[in-house]
Amino acid sequence: MPPALRPPLRTALLPLLPVLCGLLLLVLDPVPLQGLRHALFDQYQRWQPRVASAVPVRVVDIDDASLARLGQWPWPRTRLAELLARLQAADVASIGFDVVFAEADRSSPQIASSEWPLTPELKRQLAKLPDHDAALASRLGQSGAILGFAVSQPENPLATPSTVDSPPPPSPARFIEAGAGASARLPAFAGAIAPIPALAAAAGGHGGLAFIPDRDGVVRRVPLALRVGGELRPTLVSETLRSALATRNLILRAEGGQLREIRIGDLNIPTTTSGELWVHYSAPDAGRRLPAWQVLAGQADPALLAGHIVLIGTSASGLMDLRFTPLGQIVPGIDIHAQALEQILAGQFLQRPAWATAAEALALFAAGLLAGLLALRRKALFAAALSLSLAGALFAGSWLAFHHAGLLLDATLPALTVLAAFAVGSLVHHRQSEREQRRVRTAFARYVSPNRVAHLLAHPEALQLGGERRQCSFVFTDLAGFTTLMEKIDPAQAVELLNAYLDEMIAIAFRHEGTLDRIVGDAVAIMFSAPLVQPDHAARALACAREMAVFADSYAAKLQARGIAFGHTRIGIHSGEVIVGNFGGKHIFDYRALGDPVNTAARLESVNKQLGTRLCVSAATLADCPEAAARPVGRLVLKGKSEALAVFEPLPPELPAGYAPSTEYAAAHALLSAPAADREQALTLFARLIEQWPDDPLVRLHWQRLQAGESGDLLVMQAK
């Protein structure tokens with residue numbers, strides 16, 4: 001950026017504000033930002049779902065077909081005991097129930113005998129039958145199956161404990177915290193809804209059933225450990241896995257005071273700081289499930305169960321265990337548990353590493369700062385292209401990290417910061433450019449008329465060589481005796497006086513919307529109706545000349561009062577058709593008017609010296625100013641011309657001192673211009689006028705002409 005366009009340091013730092021705001025948002029992590037991040041990660045999963053691998057995980061599904069064949073839910077616990085027996089016979093690795101048995105089986109004979117209106121004999125008969133819960137408990141003890149328990153409300157230290165909150169069921173799992181703060185951020189709940197005591201005591205373990213969806217209801221993570229009633233407990237996923245691996249320990253590994261992974265047996269599972277596993281969902285896979293009725297009927301292939309972790313749950317729509325996934329699907333909750341187990345066993349993890357936030361902060365800062373600097377120092381299109389490329393590169397890097405390494409790196413906030421920094425930088429650059437444009441326009445206007453500058457800015461197509469014919473008016477001024485004055489006073493003072501004079505003369509021209517054609521020494525040339533057409537150009541030129549004359553007389557009088565012999569100003573005004581436009585060549589061109597009217601206006605300024613007047617205006621200009629007061633000078637044949645030009649002297653509202661009354665002068669001049677001019681009578685009238693107004697320049701001019709033997713109003717000028 002050129003030095004003139006470089007903004008001050010305080011302004012240049014403005015693009016840093018979006019970067020700082022981005023860093024602050026990264027630290028605060030507000031909900032809308034989380035939503036954007038989740039939307040990005042969900043899109044990555046839709047582009048690249050996890051490829052299902054052949055790992056030993058199976059779902060025994062209490063589906064709609066099973067309910068249709070075997071009756072509505074809940075089934076008798078004896079049927080579930082039979083299901084466990086079938087699975088145990090198939091030599092499964094472990095079994096987990098995605099079911100909470102919080103109440104006794106109401107179909108059990110013992111309950112029926114106590115509640116139903118039966119005869120004493122029938123009640124005694126029923127009492128001898130096996131208890132359904134006892135049958136399931138017996139099978140649980142043999143199979144070591146894991147039961148699920150539900151959690152109650154999230155833990156709130158300020159809330160009064162609820163009477164429905166009960167302690168979590170006992171667990172054989174042992175938690176080992178490796179590193180300070182390993183369990184500090186685990187999801188905490190006030191209590192549990194546990195299986196009935198008989199079943200709880202017989203189970204091989206207990207796993208919490210606690211999906212914690214995000215605000216949009218999508219389940220993206222599955223917790224592996226919970227804090228329930230102040231005690232650490234595994235979830236169904238981690239407890240079933242622990243059982244399959246025949247280990248007791250769940251090791252919570254922390255780094256920097258935050259949980260990073262959970263080790264179960266030989267498996268290291270990367271987690272969030274809250275002990276959650278990011279689930280990388282696969283496409284729906286019907287082969288993952290076995291209908292419960294097939295297993296109970298002995299029709300399931302034993303090879304599909306042997307050595308597998310088996311989860312028992314339901315996909316039946318009426319049981320309402322349905323969840324939303326990042327793939328935009330609604331799936332049974334049991335499928336999410338199964339998918340979590342599959343990716344753990346396959347080692348196909350999604351993880352947001354500990355350094356993710358630091359990397360995003362670095363990318364945000366570097367890319368945002370670069371985008372802001374580009375917007376400040378480069379052209380808008382170039383800066384926009386590079387800024388968009390930066391944002392695209394951030395998303396590309398984020399996608400590649402997901403695609404190749406399963407890393408969840410958020411590019412949304414860094415990319416938004418890049419765009420915000422570019423926007424702020426562009427606004428600063430635009431404001432600075434406008435300021436510089438105003439500065440250049442102001443400076444340029446010192447060389448070119450403001451109306452010409454404004455016209456070029458509004459019509460850049462006018463910056464080309466060529467011209468057009470147009471009716472224009474011209475005002476030429478010259479300062480008498482300035483060269484002599486410069487020889488008598490200090491040159492610096494002379495320049496100062498001249499600059500003050502020219503400054504106001506040009507300001508007057510600009511007030512009348514005239515275009516400065518040129519400055520030659522102490523002379524000024526002004527044109528009207530170019531570059532913009534001005535229908536009243538003649539009136540503007542005449543009014544401008546009059547105001548210039550008033551100022552010039554006043555300025556000269558002030559300086560003369562100080563003893564400085566500043567001369568008077570002569571002015572010529574003329575109108576006519578000229579060619580206006582840009583003239584020159586490929587290296588430089590100038591905007592001006594070409595044609596005889598330009599030379600004529602200059603000659604009219606010059607003849608003031610021979611006539612003794614200060615202002616001369618042609619009849620061509622005066623014809624468009626019917627209200628203007630002027631008196632005739634005569635028909636002048638200017639030097640180098642062959643045709644006469646009717647010339648007038650404009651008059652101010654009040655006649656200058658020493659001027660003859662307009663009516664008397666007009667009567668005397670009429671004798672000169674009459675077809676049959678009477679020289680003697682004209683001489684008599686002008687003699688009378690010269691006697692009374694000897695200082696009137698035109699009276700003196702014509703009296704001297706008549707005395708010299710001339711007649712008529714035709715004056716042939718011998719000098720320019």
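The values are calculated or read from the model by the stated rules, or taken from the named source; none is laboratory data. It should be emphasised that the depicted structure is a prediction, and the values quoted were computed from it without experimental measurement. Keep in mind that these areas ignore ligands, DNA and RNA; they rest on the heavy atoms of the full protein, side chains included. Shrake-Rupley method; radii C 1.70, N 1.55, O 1.52, S 1.80 Å.
Here are some notes:
- Folded to 0 to 90 degrees: helix 697-707 orientation relative to the chain principal axis, Cα: 30
- Degrees separating the helix 132-143 axis from the principal Cα axis of the chain, which is the longest one: 80
- For segment 505-607, accessible area per residue (1.4 Å probe, heavy atoms of protein chains only), Å²: 41
- Angle of helix 596-611 to the longest C-alpha principal axis of the chain, folded into 0 to 90 degrees and rounded to 10: 50°.
- Å² per residue, accessible surface of segment 174-307 at 1.4 Å: 37
- Shape box of segment 509-555 [Cα atoms, principal axes, largest first, Å]: 32, 21, 14
- Descending semi-axes in Å of segment 149-275, equivalent ellipsoid built from Cα gyration tensor: 22, 19, 14
- Pairs of Cα atoms farther than 17 Å apart, segment 318-417, %: 64
- Restricting attention to the chain, close to 65% of DSSP beta bridges with both partner residues there are antiparallel.
- Solvent-accessible surface (1.4 angstrom probe) belonging to I330, in square angstrom, nearest 10: 100
- CD proxy at 222 nm, helix term only [per DSSP H run n ≥ 4: -39500 (n - 2.57); per residue of the chain; nearest 500]: -14000 deg cm²/dmol
- Using equal-weight Cα scatterers in the Debye expression, the normalised intensity of the chain in log10 at q = 0.07 Å⁻¹ is -0.67.
- Solvent-accessible area, 1.4 Å probe, carbon plus sulfur percent, for the chain: 58
- In Å, descending, principal axis extents of the Cα set of segment 246-304: 53, 29, 15
- Residue-normalised accessible area of segment 309-404, expressed per residue, 1.4 Å probe, Å²: 44
- The H on the amide N of S166, modeled in the peptide plane, is under 5 Å from the matching H of A192, each at least 5 residues off or on a different chain.
- Restricting attention to the chain, the count of lysine pairs at 8 or more positions apart or across chains with alpha carbons under 25 Å apart stands at 8.
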